[in-house]
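Have a look at the structure below, then the notes.
Every number here is computed from the coordinates shown, using simple stated rules; none is lab data. All figures in this text were calculated on a predicted structure; none of them were measured in a lab. Cβ atoms come from the backbone with ideal geometry, glycine included; neighbour counts cover every protein chain shown.
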Amino acid sequence: MTNVQLGEKLAEGVYFNTIADDRYKTDRISVNLLLPLDSGTASENAVLPFILRKGYRECPDFTQLNRRLNELYGAYLGADVRKIGDNQVLNLSISSIDDAYALEGEPMVEELSGILAGLLVDPNMPGGQFDPKEFELEKQYLIDTIESEINEKRAFALSRAQSLLCRDEPYGQNRYGSLEQAKALTVEQASAAYRRVLSTAQVEILFVGCGNPEPAKRRFAQAFANVDRKDCVSIQSKVVNDIRDVQKVTERYQVAQSKMVLGFRLKEKAEEKQLDALRLMVSLYGGTPISKLFVHVREEMSLCYYCAARFDRIKNIMLVDCGVEKENIEKAEKEILHQLDAIRQNDFTDEELENTRLSLRNNFRTVGDSPSSMEGWYLGQRCSGTACAPEEEAARLDQVTREEVVQAAQNVELQLVYVLTGMEE
């Protein structure tokens, strides 16, 4: 059984969220620092989680910290940078077994939350600055991460399409910032960024597991008691419905297989009921192995190696991406748009619709399969200002009619055709 309590205020702009589920045998605690995604601060923000995970006052170096994690049954410590809507999310997380399964009855939740709180509010900063050596290592890691994005061509193409489609919005920024900014970072700049982020970010703490969250709640309330939080930011994401002429952008790299991404905006902002219809429509179009894009474009016509559609509920944009041979790019684009027109014209069977509905419901059920996916779900809910359980959204799909699916397809408009292809001979 899952018991969810969201948005319990611990300090100004600091919220504790509990997702208790007795199916798990572990506890996962994460701290998420939410900030408006800004081109001027993205890189200096992005380096912070990776520096912070290296140690704190009680365990000032990574060796001591790793030893402590191993003592806690091999506790896992993670750091990440995400982009949710127009916001940059700096993430630190820790996970291990619950108190109930500790051999010596160790207070695992207390210990885990103590480490995470220490890393966040009491980092190893002699003289008020990060250790220069550790900073240079993590700065290089950030540079390498940005430079290596081109190596994963599908993800790179999707990221470039987002940047082009939302070029005048924060969402168009890279979550890690720019390579130029990363290379120019100084330890003084990163240290100042840490103090700014700690005092201004919206903080969402999530406890996901089978244990008692109260020790974690107390630890973080104590940790933020002495932090000046008077100038907290207000996070939000803007939905743009400004329909423009279609952008057509081709970029050339050393690639064996071309990538194409089609970007769509909504002509009119969707309300909650319409968003449910859009989710179902996008899955019918290209979100499952029984979708129109998979069955017709990939399987029957063999135009693509993969072809899928995805919908960003917060930003109200749809992306279709595919891997395609250079000579099939135009044919694939035409057929992808043709399959969307088919849905707009009500050209799909009741069986296709119901099978898509069933597939989506199954996807919602899998959200609870791991603490990390539950964390991601409820963090997304907090970022969008909603508080729906996966089962609630699954149930709402049953209320979506065929006519609403058709209307949803008619509300999306092509705005971008991005192609990543090989060098000209």
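Report, for the chain, the % of DSSP beta bridges that are antiparallel, rounded to 5.
Details: 59 of 72 bridges.
Counting DSSP beta bridges with both partners in the chain, the antiparallel share is about 80 percent.
Kindly put S234, S39 in sequence by how many other C-beta atoms sit within 10 Å of each C-beta, fewest to most.
Details: S234 8, S39 13.
Result, fewest neighbours first: S234, S39.
Using Cα pairs closer than 8 Å and at least 6 residues apart in sequence, work out the relative contact order for the chain, in percent. Spell out each step's value before the answer.
Numbers: 785 pairs, mean separation 90.7, N = 425.
Once divided by the residue count of the chain, the mean separation gives 21 percent.
Among T250, T386, T421, what is the fewest-to-most ranking by other Cβ atoms within 10 Å?
On the way: T250 12, T386 15, T421 18.
Fewest-to-most Cβ neighbours within 10 Å comes out as T250, T386, T421.
Could you pull out every residue, at least 5 positions away or on a different chain, whose amide H is within less than 5 Å of the one on L416? Hs are placed 1.01 Å off N in the peptide plane, and Pro or chain starts have none.
Q247, G263
Going by amide H atoms built from the backbone, whose H comes under 5 Å of the H on K315, apart from near neighbours?
Those qualifying (amide H under 5 Å, at least 5 residues apart or on another chain) number zero.
How much length is gained on full extension from L358 to Q407, taking 0.36 nm per residue of separation minus their Cα-Cα distance? Walk me through the intermediate numbers first.
On the way: separation 49, 0.36 × 49 = 17.64 nm, distance 2.06 nm.
In short, 15.6 nm is gained.
Arranged by the count of other C-beta atoms within 10 angstrom, fewest first, what order do L103, L65 take? Don't jump to the answer; show the numbers that get you there.
Working: L103 7, L65 21.
Least crowded to most crowded, the residues run L103, L65.
Kindly provide the trypsin sites (Lys or Arg not before Pro) of region 48-105 that DSSP labels as loop, not H, G, I, E or B, and whose Cβ sees at most 14 other Cβ atoms within 10 Å. Kindly include the intermediate steps, with their values, before the conclusion.
Values: sites: R53, K54, R57, R67, R68, R82, K83; in loops: R53, K54, R57.
Here the sparse-neighbourhood loop sites are R57.
Filter K83/K153; K54/K153; K83/K139; K259/K334; K133/K183 down to the pairs with a C-alpha to C-alpha distance above 21 Å, please. Spell out each step's value before the answer.
Working: K83/K153 19 Å; K54/K153 30 Å; K83/K139 19 Å; K259/K334 15 Å; K133/K183 15 Å.
Among K83/K153; K54/K153; K83/K139; K259/K334; K133/K183, the Cα-Cα distance tops 21 Å for K54/K153.
Semi-axes of region 247-421's equivalent ellipsoid from the Cα gyration tensor, sqrt of 5 times each eigenvalue, largest first, rounded to whole Å? The partial results should precede the final answer.
Working: eigenvalues 149, 71, 52 Å².
Those come to 27, 19, 16 Å.
Taking a cut-off of 13 Å between Cα atoms, list the aspartates and glutamates near K9, but don't count ones fewer than 8 places away on the same chain.
Counting by Cα, and skipping residues close in sequence, K9 has these aspartates and glutamates nearby: E204.
Name the GluC sites (Glu not before Pro) in region 70-126 that are in a loop by DSSP and that have at most 14 other C-beta atoms within 10 Å, would you?
Values: sites: E71, E104, E110, E111; in loops: E104.
Loop-located and lightly packed - E104.
Given only helices, namely DSSP H runs of n ≥ 4 each adding -39500 (n - 2.57), what is the per-residue ellipticity at 222 nm of the chain, to the nearest 500 deg cm²/dmol?
Values: 15 runs with 174 residues, N = 425.
The helix-only estimate for the chain comes to -12500 deg cm²/dmol at 222 nm.
So I have (1) 1.01; (2) 1.05; (3) 0.99, and one of them is Rg/Rh (Cα atoms, Kirkwood Rh) calculated from this model. Which one is it?
Here the calculated entry is (3).
For the chain, modelled as a Gaussian network with Cα springs under 10 Å, which listed residue fluctuates most, E58, E44, E180?
Of E58, E44, E180, the Gaussian network model singles out E180 as fluctuating most.
Between Q5 and E325, what length in nm is gained on full extension when 0.36 nm per residue of separation is reduced by their alpha carbon distance?
110.3 nm
Please work out the Cα center distance from region 348-425 to region 59-135, rounded to the nearest Å.
33
Taking a Cβ-Cβ separation under 4.7 Å as the criterion for a possible partner, which cysteines of the chain have none?
Unpaired cysteines in the chain: C59, C166, C210, C232, C383, C388.
Kindly write out, for region 388-393 in residue order, the coupling ³J(HN,Hα) from the Karplus curve 6.51 cos²θ - 1.76 cosθ + 1.60 (θ = phi - 60°), rounded to whole Hz, with x marking Gly and Pro.
Whole-Hz 3J(HN,Hα) from phi for region 388-393: 9, 6, x, 5, 5, 5.
Output ³J(HN,Hα) for region 410-417: one whole-Hz value per residue in order, computed from phi by the Karplus curve 6.51 cos²θ - 1.76 cosθ + 1.60 with θ = phi - 60°, and x for Gly and Pro.
Calculated HN-Hα couplings, in order: 6, 8, 9, 10, 4, 10, 8, 10 Hz.
So what J values fall out for region 164-169 if you push phi through Karplus, 6.51 cos²θ - 1.76 cosθ + 1.60 with θ = phi - 60°, rounded to Hz, Gly and Pro as x?
6, 5, 10, 5, 9, 10
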